[in-house]
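Reading through the structure tokens given below for one structure.
Coordinate-derived values only; no laboratory data. Note that the structure is a prediction, hence the values are computed from the model and not measured. Every residue, glycine among them, receives a Cβ derived from its backbone with ideal geometry; neighbour counts consider all protein chains shown.
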Amino acid sequence: MLKATVIIGFAEALSAPEVAWSLVDHGFNVIAFTRRGRKPALRHSRFVRVLEVTPPEADLAQAADDLKTAVSSVTASSSIPVAVMPLDDQALWLCGRTDVRRQAQLVGPEGEALDLALDKSIQVEFAKAAGFSVPPYKCVDRAEDILKEEVEFPVVFKPALAATESAGTLSRGHGWICADWAELKSAMNRWAGRGPMLLQKFVPGVGEGIFGLATARGVLAWSGHRRVRMMNPQGSGSSACTAVLHIDEQCRANAERFLDASAWRGLFMVELLRDDSGKLWFIEFNGRPWGSMALARRVGLEYPAWAAEMALNPGVSLEIPQPKEVVPVCRHLAREILHVLFVARGSKSKALVRWPSIWTALSDVCRIGRNDCWYNWRSNDPKVFLSDSFGSLWTQLVSTKKQG
């Protein structure tokens, strides 16, 4: 018997297949919404129906109307509860700031919590107050704000907002690592004042993350991961990561203070970076399913299903199992291939002095361990894996070519 229908999106989000399967395996009916014209891997799933909406990057008002119509049609024809779970930052904005949240149960943030999830300038303030180490930063709205300041290179120049509304559209910005004024001025020209930015000290190191499900009774199902490889060594999501079962106690205490101060409820990820000395730095906060959801599920942590259960039935008592003791390395096939290509292309900034050799990259990617597993693989839904692998590779190659 189905518990409820959960509408997830956008279907092209990295976490989408694993989120869908988590929900399916726990008795939910799953529908996914996708940007019209895109071909997400989930369209090949035996278990998921996919609906198209106007891309918010093209027309935000029409995207909201399309999603509202889609949700209304589901609720009108369903005798079971309906929930909406946003999977990426554009979907967070769309679901949290439109009428969609009034038509179905929102499994995600709204109000001040949504501001926190989308605005890194708010996140770093909460992080500092909670005790996290935060790389020094400045909030920037105009080029003049940078030119009149003393800049200690290298720096990261990145958007403060995960999703920016402008001229009736919703967009996401681009970030750069800059080793000197020449690289920073080039980045400023490409930015052209489109949305607020953070100018932050660049700290080299290895990315980590801690996750959980925040409730009024405290955090459930703490877990973590460590990046084994980034798709692009310049800075990107993982192509391979491994689980961290024993979370640093100080880091966990800081995260609890962060969550308490912000009154956060629901899924969360605190993205961190461990430098060469072993010090942990706060990078950002994600208030949605994260990209490495495949890894969490491989160790038995079904965060999407638990989040839906709690949103639809706040008083439910969840049975949270202990994570599996075998710690896998979870790999994304297309991103592993792209890692080799990015390494071969070379660094785009002189700030990245430790660039892997092509032979090291090839050796690492071709070595498959006994406990290795793959993002988005499911034996009774294999077309999703094949479509995701090819589609991710093609999309990234086209995007990289456009960026030059």
Study note, to complete from the structure: Assertion target for 7, 337, ordered by fewest C-beta neighbours within 10 angstrom first, is 337, 7
Exercise for review: Could I have the simple spin-label model distance between residue 36 and residue 354, label points 7 Å from Cα toward Cβ, reported in nm to one decimal?
Suggested key: 4.8 nm
Exercise for review: Answer with a single label: of (i) 26, 62, 12, 0; (ii) 26, 54, 18, 1; (iii) 27, 58, 15, 0, which was calculated as P(r) over Cα pairs in 20 Å bins from 0, in percent from the structure in view?
Suggested key: (i)
Check your understanding: Under the rule of -39500 (n - 2.57) per DSSP H run of 4 or more residues, summed and divided by the residues of the chain, what mean residue ellipticity at 222 nm is obtained, to the nearest 500 deg cm²/dmol?
Key -> -11000 deg cm²/dmol
Check your understanding: To the nearest 0.05, what FRET efficiency results for residue 174 and residue 206 with a Förster distance of 25 Å applied to their C-beta separation?
Key -> 0.60
**Study point:** Cα gyration tensor, the range 136-201 - rounded (a/c under 1.5), prolate or oblate
**Key:** prolate
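Which pairs break 30 Å Cα to Cα here: 120/279; 3/324; 279/383; 138/279; 158/279; 68/128?
On the way: 120/279 21 Å; 3/324 27 Å; 279/383 42 Å; 138/279 21 Å; 158/279 22 Å; 68/128 38 Å.
279/383; 68/128, as the Cα separations exceed 30 Å there.
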Review point. Using alpha carbons only, how many degrees (0 to 90, rounded to 10) separate the axis of helix 16-25 from the longest principal axis of the chain?
Key: 30 degrees
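If we count other beta carbons within 10 Å of each Cβ, what is the order of 345, 217, 378, fewest first? Can you show the working numbers first?
Values: 345 12, 217 6, 378 19.
In order of increasing Cβ crowding within 10 Å: 217, 345, 378.
Using a 10 Å cut-off on Cβ atoms, rank the peptides 114-125, 187-198 from the highest mean neighbour count down.
On the way: 114-125: 20.2, 187-198: 17.1.
Going from most to least packed, we get 114-125, 187-198.
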Practice item. Please list, or write none, the aspartates and glutamates whose alpha carbon is within less than 14 Å of the alpha carbon of residue 39, excluding same-chain residues fewer than 8 places away. Key: 12, 52, 388
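By DSSP, what percent of the beta bridges with both residues in the chain are antiparallel, rounded to the nearest 5? Walk me through the numbers before you get to the answer.
Details: 47 of 68 bridges.
That works out to approximately 70 percent antiparallel.
From the square roots a ≥ b ≥ c of the eigenvalues of the alpha-carbon gyration tensor of the range 170-211, which class results: rounded (a/c under 1.5), prolate (a/b over b/c), or oblate? Provide the component values of the computation, followed by the final result.
Working: a/c = 3.01, a/b = 1.31, b/c = 2.29.
Here the range 170-211 falls in the oblate category.
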Exercise for review: Decide, for the range 102-154, between rounded, prolate and oblate: order the square roots of the alpha carbon gyration tensor eigenvalues as a ≥ b ≥ c, take rounded if a/c falls under 1.5, and otherwise choose prolate if a/b is larger than b/c, else oblate.
Suggested key: oblate
Practice item. Find the centroid of the Cα atoms in the range 118-154 and in the range 273-295, then give the distance between the two in whole Å. Key: 18 Å
Point to revise | Cα long-axis angle, helix 249-262 against the chain (0 to 90 degrees, to the nearest 10) | key: 70 degrees
